[in-house]
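In what follows, a single structure is set out as structure tokens and then discussed.
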Amino acid sequence: MRKNFWLMYSFYPGPSQLNPRIPEYMQEACASGILSMNHRSPEFVALSADVKRLMREKLELPEGYSVFYVSSATECWEIIAENLIAGQSAHLYNGAFGEKWMIRTRQLGIGVHALPFGLQEAIDWEKLDIPAEADTLCLTSCETSNGTQLRNEDYEQARRYFADGIIAVDATSSLGGIALPWEQADVWYASVQKCLGLPAGMALMICSPRAIERAKELGRTNHYNSVMSMLEQAQKHQTTHTPNVLNIFLLKKVLEDSLPIHQIEKMIVDRYEAWVCFFQQFERLNLLIESEDIRAKTVLPVKGDVSFVEEIKRMAKNAGYLLGNGYGDWKENSFRIANFPSMAEEAIGGLREFLTKNFE
Ligand SMILES: *Cc1c(COP(=O)(O)O)cnc(C)c1O
């Protein structure tokens with residue numbers, strides 16, 4: 001019966017199941033005329049100003065933090081390398097996205113310090129040796145590839161152990177789902193096709209006054225994405241190039257609708273706990289991440305025998321539920337379930353019923 005609501009419901013952690021009101025908002029965007037308007041027009045400026053106001057209201061973004069509309073999280077790796085790392089960066093990571101960020105930064109000629117940590121480990125800040133030459137520390141809030149998440153104390157410790165530098169955080173699978181400790185870092189960025197439930201093709205990059213100061217000190221202006229030019233335009237609620245106006249419009253609508261972030265986070269944690277409890281019934285399945293305090297609340301990788309996992313994914317797809325493939329080393333023996341705010345209770349219930357009926 002539930003399948004009538006959708007042909008295929010995606011539990012993929014990105015691109016994720018769209019916020020259910022997107023079709024309606026897209027029509028509204030077309031009808032409003034905004035998609036045919038210049039990005040220097042008063043209408044666009046008002047839209048952009050609204051989004052920033054809503055980010056302060058709903059996501060508790062502090063005053064003084066600048067918001068930039070860019071194309072992707074991947075692009076942010078370049079923007080940070082080209083505009084904000086003065087000489088060398090340090091990268092703390094335990095998974096594929098954090099590692100790719102490090103590699104891309106290195107490819108751009110930056111001296112990088114790779115500080116990988118174990119999948120099942122929390123960061124041990126006392127033992128950690130961040131080289132004194134590093135001026136930028138790169139962290140991944142939620143490692144979408146393996147379902148780990150930084151603890152709140154990690155951000156505090158990062159500030160403590162890296163007090164003079166800039167801290168940059170990839171918040172792609174966190175922004176919009178959990179409350180972020182904005183003041184503890186200087187650059188936060190996220191693509192919109194994960195936790196925010198929007199179509200792909202845009203990312204938000206958020207900079208603290210300290211990050212802006214660094215960009216000004218370095219004064220680099222020779223790239224497509226120059227933070228100096230981006231800032232100059234953002235102060236007028238404009239952009240350096242014609243931006244993804246449709247996605248900015250959709251973001252505004254989704255934020256308008258959305259509860260304050262602390263309430264969303266509570267719902268996410270409740271749903272996460274229900275998933276953990278649910279998978280305890282399955283003898284042949286285990287959560288990939290063993291320790292509760294480093295488990296992501298927004299992405300749950302579940303592991304089992306290769307053939308069992310393959311069968312679950314195949315049958316789920318036939319039943320209209322798309323499960324996320326495992327990633328990297330766990331590609332074959334795990335699947336991932338997104339726990340993003342836009343996901344419908346009916347679909348979650350439907351998937352659980354399906355799994356219980358066929359695999360318990
Ligand atoms: C998906 C993802 C990215 C890449 O996002 P793009 O929009 O493809 O650039 C980067 N970091 C994390 C943590 C992600 O989950």
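The values are calculated or read from the model by the stated rules, or taken from the named source; none is laboratory data. A quick note: this is a predicted structure, and the numbers were derived from the prediction, not measured. With ideal geometry, Cβ positions are generated from the backbone for all residues, glycine too; neighbour counts draw on all protein chains shown. For accessibility, only protein heavy atoms count, side chains too; no ligands or nucleic acids. Shrake-Rupley method; radii C 1.70, N 1.55, O 1.52, S 1.80 Å.
Out of all DSSP beta bridges in the chain, what portion is antiparallel? Express it as a percent rounded to 5.
Numbers: 22 of 42 bridges.
Counting DSSP beta bridges with both partners in the chain, the antiparallel share is about 50 percent.
Name the residue from LEU150, GLY98, ILE22 whose Cα lies farthest towards the positive end of the charge dipole of the chain, charges +1 on Cβ of Lys and Arg and -1 on Cβ of Asp and Glu.
About the Cα centre, the residue reaching furthest to the positive side is ILE22.
With a/c under 1.5 counting as rounded, go ahead and sort the range 309-349 into rounded, prolate or oblate using the C-alpha gyration tensor (a ≥ b ≥ c being the square roots of the eigenvalues; past the cut-off, prolate if a/b is larger than b/c, else oblate). Present the calculation step by step, with values, prior to reporting the outcome.
Values: a/c = 3.43, a/b = 1.43, b/c = 2.40.
Judged from the Cα gyration tensor, the range 309-349 comes out oblate (a/c at least 1.5, b/c at or above a/b).
Over 26 Å between Cα atoms, which of LYS58/LYS317; LYS236/LYS297; LYS194/LYS236; LYS253/LYS313; LYS313/LYS357 qualify?
Going by Cα-Cα distance, LYS58/LYS317; LYS236/LYS297; LYS194/LYS236; LYS253/LYS313 fall outside the 26 Å limit.
Charges on Cβ only, +1 for Lys and Arg, -1 for Asp and Glu, centred on the Cα centroid of the chain; of LEU54, ILE80, GLY201, which one is farthest towards the dipole's positive end?
Ranked along the dipole, the leading option is GLY201.
Taking R0 as 25 Å, what's the FRET efficiency between TYR161 and HIS223 from their Cβ-Cβ distance, rounded to 0.05?
On the way: r = 30 Å, r/R0 = 1.20.
In this case the efficiency is close to 0.25.
Computed FRET efficiency, Cβ-Cβ of CYS277 and GLU63, R0 45 Å: what is it to the nearest 0.05? Numbers along the way, then the final one.
On the way: r = 40 Å, r/R0 = 0.89.
That gives a FRET efficiency of 0.65.
Starting from the Cα coordinates of the range 33-163, work out the convex hull volume and express it per residue in Å³.
Details: hull volume 20.0 nm³, N = 131.
Cα convex hull per residue, to the nearest whole number: 153 Å³.
I need the fraction of alpha carbon pairs in the range 252-360 separated by more than 15 Å, rounded to a whole percent.
Result for the distance tail: 66 percent.
To the nearest 20 debye, what charge dipole does the range 96-222 have about its Cα centre, counting +1 at the Cβ of each Lys and Arg and -1 at the Cβ of each Asp and Glu?
520 debye
Of the peptides 30-37, 68-75, how do they stack up when ordered by the mean number of other Cβ atoms within 10 Å, highest first?
Final packing ranking: 68-75, 30-37.
Solvent-accessible area per residue for the range 271-337 at a 1.4 Å probe radius, Å²?
With the other protein chains kept in place, the range 271-337 gives 47 Å² per residue.
Per residue, how much accessible area does the range 22-257 have with a 1.4 Å probe, in Å²?
Result: 38 Å² per residue.
Okay, helix-only estimate at 222 nm for the chain: each DSSP H run of n ≥ 4 adds -39500 (n - 2.57), divide by all residues, round to 500 deg cm²/dmol; what do you get?
-12500 deg cm²/dmol
About the Cα centre of the range 22-257, how large is the charge dipole given +1 on each Lys and Arg Cβ and -1 on each Asp and Glu Cβ? Please answer in debye to the nearest 20.
Charge dipole, the range 22-257, about its Cα centre: 560 debye, nearest 20.
Looking at the square roots a ≥ b ≥ c of the eigenvalues of the Cα gyration tensor of the range 86-212, which shape do they give, rounded for a/c under 1.5, prolate if a/b is larger than b/c, or oblate?
rounded
Would you mind putting 208-219, 81-92 in packing order, based on average other-beta-carbon counts within 10 Å, highest first?
The densest-packed peptide leads the list: 81-92, 208-219.
Whole number please: convex hull volume per residue, Cα atoms of the chain, in Å³. The partial results should precede the final answer.
Values: hull volume 45.8 nm³, N = 360.
Spread over its residues, the Cα hull of the chain gives 127 Å³ apiece.
Over the range 22-257, with every protein chain in place, what whole percent of the accessible area is carbon and sulfur at 1.4 Å, could you tell me? Please report the intermediate quantities before stating the final value.
Numbers: 4260 of 9010 Å².
Summing carbon and sulfur atoms, their accessible area is 47 percent of the total for the range 22-257.
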